[in-house]
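Everything below concerns the one structure shown next.
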């Protein structure tokens, strides 16, 4: 439970979107129409929210969680219910939804029972941090709404992934999660960060442990990453690139010596929603600079 809390807490944060314009040009290819539906939907997962919006159900969203940062217009239309770990069932019920979407990592059995007892349909979607897992999530969301247009989203992912370029020597990438210089953690195996790094053509610098653990100078030096990867909000919280280079253990690494610091939008990077191909390509390009 502790590991799950750490993982979901890191993924489930508000992130500013720095790739909006690029995606805006692609939305017209995937979102063909606005669906006219009587459903009042609450989404408790950012990837699911993106799927719903791309399928045409954005206007049906009445409530979303903290990770639902894309498209930005969602927060203008739907109530922000905050983090799923502190979710107020009363606030959710007040929205009178007909359907609640969440992944198997986002909601407890007790909360599910409360919602079902109130006559609300609860759709629990399995989320696997992979390309096939993302496609399955898209299909599952669409199927519960009897929507058959999801293949357009799958095709977009495939089209994006074709833009990936082979990196002959896989660079080692260390993901650092930061909320100020006093709160630093690194991503180990079986994390969304490890998965997206691999898809983009790199390899995770940490192989000794799973999930997230506090950063130690010894571990950083030992891993000797070629690149440091962060959320753009995290980089800002520690004072930019200069702040990263002041972290004990970073300076002697290849990444530190060459100032190879990459920052990306958090939900784009690790959300594993319809933009997963975009995220992989963006990271792939940055790993070649």
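The values are calculated or read from the model by the stated rules, or taken from the named source; none is laboratory data. Note that this is a predicted model, so its numbers are computed, not measured. Ideal geometry is used to build each Cβ from the backbone, glycine not excepted, and the neighbour counts take in all protein chains shown.
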Worksheet item: Among all residue pairs at least 6 apart or on different chains, which show Cβ distances below 6 Å where the first residue, located in segment 257-272, is outside the structural domain of residue 134 (by TED's automatic domain parsing) and on the phi > 0 side of the Ramachandran plot and the second is at pLDDT 95 or above and buried (at least 20 other Cβ atoms within 10 Å of the Cβ)?
Response: 272/47; 272/129; 272/134
Worksheet, complete the sentence: Just one listed residue, out of 102, 142, is in contact with a helix residue (DSSP H, G or I) (Cβ under 9 Å, 6 or more places away or on another chain), touching a residue at least 12 places away in the same chain (Cβ under 8 Å) and part of a strand (DSSP E or B), and it is 102
Worksheet entry | Filter result for residue 241 (in contact with a helix residue (DSSP H, G or I) (Cβ under 8 Å, 6 or more places away or on another chain), farther than 19 Å from residue 197 by Cα and in a helix (DSSP H, G or I)) | yes
Worksheet item: Out of the residues in segment 83-99 that are in contact with a strand residue (DSSP E or B) (Cβ under 8 Å, 6 or more places away or on another chain) and in contact (Cβ under 8 Å) with a residue 60 or more places away in the chain, which is farthest from residue 69 (Cα to Cα)?
Response: 98
Item to complete: Mind listing just one residue for me: the one in segment 179-201 that is in contact (Cβ under 8 Å) with a residue 24 or more places away in the chain, surrounded by fewer than 22 Cβ atoms within 10 Å (Cβ to Cβ) and touching a strand residue (DSSP E or B) at 6+ places or on another chain (Cβ under 8 Å) and, of those, farthest from residue 242 (Cα to Cα)?
Response: 188
Item to complete: Check off (1) farther than 16 Å from residue 229 by Cα; (2) in contact with a helix residue (DSSP H, G or I) (Cβ under 6 Å, 6 or more places away or on another chain) for residue 167 and give me the number that stays unchecked.
Response: (2)
Item to complete: Looking only at segment 216-231, count how many residues are over 17 Å from the mean Cα position of the chain (by Cα), surrounded by 19 or more Cβ atoms within 10 Å (Cβ to Cβ) and not in a helix (DSSP H, G or I).
Response: 4
Practice prompt. Could you check how many residues of segment 202-215 are touching a helix residue (DSSP H, G or I) at 6+ places or on another chain (Cβ under 9 Å), surrounded by fewer than 20 Cβ atoms within 10 Å (Cβ to Cβ) and touching a residue at least 24 places away in the same chain (Cβ under 8 Å)?
Written response: 4
Item to complete: With the checklist (1) more than 19 Å from residue 255 (Cα to Cα); (2) in the same structural domain as residue 272 (by TED's automatic domain parsing); (3) not in a loop (DSSP other than H, G, I, E, B) in hand, flag the one item residue 180 doesn't pass.
Response: (3)
Worksheet item: Within segment 153-167, can one find any residue that is over 15 Å from the mean Cα position of the chain (by Cα), crowded, with 16+ Cβ neighbours inside 10 Å and not in a helix (DSSP H, G or I)?
Response: yes
Worksheet item: Which condition number does residue 171 fail, the rest of (1) surrounded by 15 or more Cβ atoms within 10 Å (Cβ to Cβ); (2) modelled with pLDDT of 95 or more; (3) under 21 Å from the mean Cα position of the chain (by Cα) being met?
Response: (3)
Worksheet entry | Sole exception among (1) in a loop (DSSP other than H, G, I, E, B); (2) at pLDDT below 95; (3) surrounded by 15 or more Cβ atoms within 10 Å (Cβ to Cβ); (4) assigned by TED's automatic domain parsing to the domain that holds residue 136 for residue 68, by number | (2)
